[in-house]
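Structure first, then comments.
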Amino acid sequence: MSTATITAADINKLRQTTGAGMMDCRKALVESDGDFEKAIDYLRKKGQKVAALRSDREAKEGVIIATTTADNKTGYIVTLACETDFVAKNADFVAFAQSIAAIAVKNNIKTLEELLAAQLDGVTVSDKINDQVARIGEKIQLARFERIDAEGVAAYIHGAYRMGVLVGLSKNSPAVLEAGKDIAMQIAAMNPVAVDPDSVPADVVVREKAIVTEQIKNDPKMAGKTDEMIDKIAVGKLNAFFKENTLTAQAFVKDASKTVGDYLKGVDASAKVTQFKRVQLG
């Protein structure tokens, strides 16, 4: 097909399919001799090129989707990042992120690489993202993927898709799952380092103990104290740190008279939080 036979209707059809600009669509059709599928591939390749050119740009804005399977046994967090808040707040961009999360649920996706290779509307998620790059002109990337498998999983999205939380639970009853949503809100607000003191990573324990020990040694009031006494004081301070920074020991934000652990026991005495994931933009 010659350039003269490419009509406004052809260009408009390509625009409707890809979302690319009018001049980009015209050029794609010209370069592809009017072949519609080749023109789509041309625009996709352009998107890859744009993404490469913008690889040094920071994509700190975006949309975070937290969701679960219908049986509430698997949860996913998908982060679709972009450069500007303007794009992140666009309803179409939010819907695109939601469609990617839905693919993760539908296909039992286990890794970020697997999600990028999954099919969405007949092409890979990776190619769909490149289409968005070509259309919008910003760096867009699937920045993070998290998954939790548990007997029960609760999901929570906070702050206009700016944070996502998953909570793994040992039970799957409606009451426990509802409590899981409250606990997810707690995690969003208080950002605990672990579920409980026993699950704090060893490197965090070592680092925090070293910090408090040094603080004690540098305190003039502690002059002349034995190493044994300093160690006991450090352990006490460390216990206080765990109470403030581990989930089940924290004061429950909806009722400070009880801990999160006590709150969950009040709902179901045998229910426990097994793990959690918290993802935030920025």
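Taking the range 182-216 as the region of interest, how many residues are touching a residue at least 24 places away in the same chain (Cβ under 8 Å), buried (at least 18 other Cβ atoms within 10 Å of the Cβ) and polar (S, T, N, Q)?
Counting residues in the range 182-216 that are touching a residue at least 24 places away in the same chain (Cβ under 8 Å), buried (at least 18 other Cβ atoms within 10 Å of the Cβ) and polar (S, T, N, Q) gives 1.
Go through the range 1-49 and give me each residue that's modelled with pLDDT under 85, among the aliphatic types (A, V, I, L, M) and surrounded by 16 or more Cβ atoms within 10 Å (Cβ to Cβ).
Within the range 1-49, just A20 meets the criteria.
Kindly provide the set of residues from the range 1-60 that are farther than 19 Å from S126 by Cβ, in a helix (DSSP H, G or I) and of a type in the set (V, I, T), ordered by number.
Scanning the range 1-60 gives T3, T5, I11, V30.
Is at least one residue of the range 158-179 more than 22 Å from the chain's Cα centre (by Cα), surrounded by fewer than 18 Cβ atoms within 10 Å (Cβ to Cβ) and farther than 20 Å from N72 by Cα? Break it down into steps so the answer makes sense when it comes.
So the first thing to find is which residues in the range 158-179 are more than 22 Å from the chain's Cα centre (by Cα), and the list is 170-176.
Still in the list and also surrounded by fewer than 18 Cβ atoms within 10 Å (Cβ to Cβ): 170, 172-175.
From the residues that got through so far, the ones that are farther than 20 Å from N72 by Cα too are none.
For the range 158-179, residues more than 22 Å from the chain's Cα centre (by Cα), surrounded by fewer than 18 Cβ atoms within 10 Å (Cβ to Cβ) and farther than 20 Å from N72 by Cα: absent.
Identify, by number, the condition in (1) of a type in the set (F, W, Y); (2) more than 20 Å from I40 (Cβ to Cβ); (3) surrounded by 15 or more Cβ atoms within 10 Å (Cβ to Cβ) that F86 doesn't meet.
Only one criterion in (1) of a type in the set (F, W, Y); (2) more than 20 Å from I40 (Cβ to Cβ); (3) surrounded by 15 or more Cβ atoms within 10 Å (Cβ to Cβ) is unmet by F86, namely (3).
Of all residues in the range 232-282, which are under 21 Å from P201 (Cβ atoms), in contact with a helix residue (DSSP H, G or I) (Cβ under 8 Å, 6 or more places away or on another chain) and charged (D, E, K, R)?
Listed by number, the residues that qualify are K237, K243, K272, R278.
Would it be correct to say that K128 is basic (K, R) and modelled with pLDDT of 95 or more?
Values: basic (K, R): yes; modelled with pLDDT of 95 or more: no.
Answer is no for this residue.
Report the residue count in the range 227-257 for those that are farther than 25 Å from V273 by Cβ and of a type in the set (G, A, S).
2
The values are calculated or read from the model by the stated rules, or taken from the named source; none is laboratory data. A quick note: this is a predicted structure, and the numbers were derived from the prediction, not measured. Here Cβ is always computed from backbone atoms with ideal geometry, including for glycine, and neighbour counts include all displayed protein chains.
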